[in-house]
Amino acid sequence: MAKVTDLLKRVLVGRALRSGQLHEQLLPKRIALPVFASDALSSVAYAPQEILVILSLAGVSFYHYSPWVAIAVVIVMLTVVASYRQNVHAYPSGGGDYEVATTNLGKNAGLTVASALMVDYVLTVAVSVANGVDYVGATVPFVAEHKPTVAIVIVILLTVVNLRGIRESGFAFAIPTYAFMAAVIGMIVWGGIRLLVLDDDLKAPTADYGIVAEQTNLTSFAAAFLILRAFSSGCAALTGVEAISNGVPAFRKPKSKNAATTLLMMGLVAITMFGGIIALGLVSGVKVSEHPALDILIDGKPAGEGYYQQPIISQVADAVFGSGSLLFVVISAVTALILFLAANTAFNGFPVLGSILAQDRYLPRQLHTRGDRLAFSNGIVILALGACLLLWGFQADVSRLLNLYIVGVFVSFTLSQTGMVIHWTRHLKTETDPRVRHQMHRSRTINFFGGIMTGLVLIVVLLTKFLVGAWIVCIAMPILFLMMKAIRRHYDNVAAELEITEDYEPSMLPARNHAIVLVSKVHKPTMRALAYARATRPSTLEAITVGVEGDDARRLQEEWERRGIPVPLKMLDSPYREITQPVLDYVKTLRRRSPRDVITVFIPEYVVGHWWEHLLHNQSALRLKARLLFKPGVMVTSVPWQLHSSDRLKGRPEPFAPGSVRRPWHQVIKDEEQLTGKNER
């Protein structure tokens, strides 16, 4: 079974890499852009649509507010990109927002950021994959009918690709990401040429449709609230911006400079695509709604349950290139693909963050261990499991998942920018170079403006999304926060308990060592355990067995005496046919009798080679070992006997036998007595 598992692992994940090959996994800017920016770039596939969906609640007339909402989102995006360019220069170690907040605002602020980012990374995978399934479902009915299952399968495939290492996943995702960028920017350019140069009329498939206003006669406050809600939904375009600051160690040198350049490239491309899509959508008359079956009107009547609402990019591509054209198909295909691959940003960010938290003892230390391909495999698997649970629980519904989205990312944005302001203020107190001070003042101003801006957005997001799903994130974050505090407290307590104090005496030895060999019958594993126990020179040595069946116990005693085994055999009664408890009671009695003594329990076991054989053997030994581990002053030693199915004894002499000549075990014991010159008990 082990060989089959190893072969499957090699096929899926690839051959193991040496630790010294880590530098070979570092990324140039052209590969880092699709690896870390796919989430932010793919957000333009749904962020413009979410703005129009929320505004449609008040009818088509509210669409005229969408350009102003889009401008506000672009301003926030520019601010955040400029702010994070300061972060990557000041904190290039890869801790990102967590390191900034911990260093400048304290451990609790750092853990708040960490919990927010972990929730947001899981949601990034769930939202991106669910939205990608929507695009595929537009043309493949089977996918639309089985959205949760298909989405989970996609997450599993992404997990396998990322387990192969960051460099391989980067090359795998580079072409689709660049294809998406080229396709969308090409669509925007051609649409602009048709409008401004050729004076063509762009018309979306839904241009002649109407929308039923769910909210009518809104007061000024209600209208402002609706516009703010549209703004908060549009801010989904900012997700993934922080991924580059968390992934600086994955860049080639100079790391900070390359990361800052990649961040700027990502911001400019994302803003261009976001603005272009929403502009073409408004010009071509795109209509989208939160409940299209009821609110979309076709010839004055509700569209009905059979109506499928095309995403905004598909509608814009239809208007620019024409329905059914090759370019329309290409746009739809690469958009669906980039949405799937957008989850890769989280697959690179979450494991790195988990590794840093594990190194700081806030998460299990297994998350700090690199796998065969030098990726943080445990973090990748945990992220995938969390995303699959969300997809299954919310039935891969993008609208429901988006209500949970971006709360965490703006918590981290706000705390990070606040921490950066404190960082620059602290350094300004000691810096004397005028040129450097000028740069610090500029950076502090950018981060201050970024902190104010993202803080206001966070308030808007909480006010507008709390009742429609954001409350779940507001509960999940404190739970993660308390869990990490508890893990750190556990590790601190263990470290304190294991620490060698001044009064500790390392040479202090137990008074005596009582050795016990557990016996079920007289066979080779038992004889090996006896020989090994005798070789350890214990103070006393005895064999014990549990008398469950009277006849079996009597035959064992007779066989013991007939072979002349020079170790006393003690029979423990078990009126209720229990094996483990009588042994525990006997060990407990010995401990009470001599508290300063050590008791060593030798357990003979035979090793099998097939997985199904493990189910048939050694269950009693496993239970007994598990119980004995919690007994103070008790040492447990397993003495294995490898069966031929384990492929470890074929062609080899039995252990403990002198030379290579096979001889009976009782003869080996007698030879050992002659060598030592005494009969130890």
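The values are calculated or read from the model by the stated rules, or taken from the named source; none is laboratory data. Everything numeric in this text was worked out from a predicted model, so none of it was measured. Ideal geometry is used to build each Cβ from the backbone, glycine not excepted, and the neighbour counts take in all protein chains shown. Note: areas computed on protein heavy atoms with side chains; ligands, DNA, RNA excluded. Shrake-Rupley method; radii C 1.70, N 1.55, O 1.52, S 1.80 Å.
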Worksheet, complete the sentence: Checking ARG164, ARG194 in turn, the sole residue that is at pLDDT 80 or above and of a type in the set (Lys, Arg) turns out to be ARG194
Worksheet entry | Only one of ALA531, ALA515, ALA486 that is open to solvent by less than 90 Å² (accessible area, probe 1.4 Å), modelled with pLDDT of 90 or more, touching a Pro at 6+ places or on another chain (Cβ under 7 Å) and among the small types (Gly, Ala, Ser) | ALA515
Worksheet entry | Conditions (1) modelled with pLDDT of 85 or more; (2) small (Gly, Ala, Ser); (3) not in a helix (DSSP H, G or I); number of the one not met by SER93 | (1)
Response to the item:
Per the filter on region 373-407, residues of a type in the set (Phe, Trp, Tyr) and surrounded by 24 or more Cβ atoms within 10 Å (Cβ to Cβ) are PHE376, TYR405
Discussion item. Looking at ARG361, ARG400 in this structure, which one is touching a residue at least 40 places away in the same chain (Cβ under 8 Å) and farther than 27 Å from VAL100 by Cα?
Written reply: ARG400
Item to complete: Filter region 91-107 down to residues that are out of contact with any Phe, Trp or Tyr (no Cβ under 8 Å at 6 or more places or on another chain) and either open to solvent by 30 Å² or more (accessible area, probe 1.4 Å) or among the polar types (S, T, N, Q) (or both), then give me how many there are.
Response: 6
Worksheet entry | Residue ID - farthest from ALA621 (Cα to Cα), chosen from residues in region 508-544 that are touching a Phe, Trp or Tyr at 6+ places or on another chain (Cβ under 9 Å) and of a type in the set (S, T, N, Q) | THR536
Response to the item:
Condition set over 20 Å from GLN581 (Cβ atoms), at pLDDT below 85 and not aliphatic (A, V, I, L, M), scope region 606-638, selection surrounded by the fewest Cβ atoms within 10 Å (Cβ to Cβ): answer is TRP612
Item to complete: Please give the number of the condition VAL494 fails out of (1) over 24 Å from ALA626 (Cβ atoms); (2) in a helix (DSSP H, G or I); (3) within 51 Å of the chain's Cα centre (by Cα).
Response: (1)
Fill in: Failed item, numbered, when PHE410 is tested on (1) of a type in the set (Phe, Trp, Tyr); (2) open to solvent by 40 Å² or more (accessible area, probe 1.4 Å); (3) at pLDDT below 85
(2)
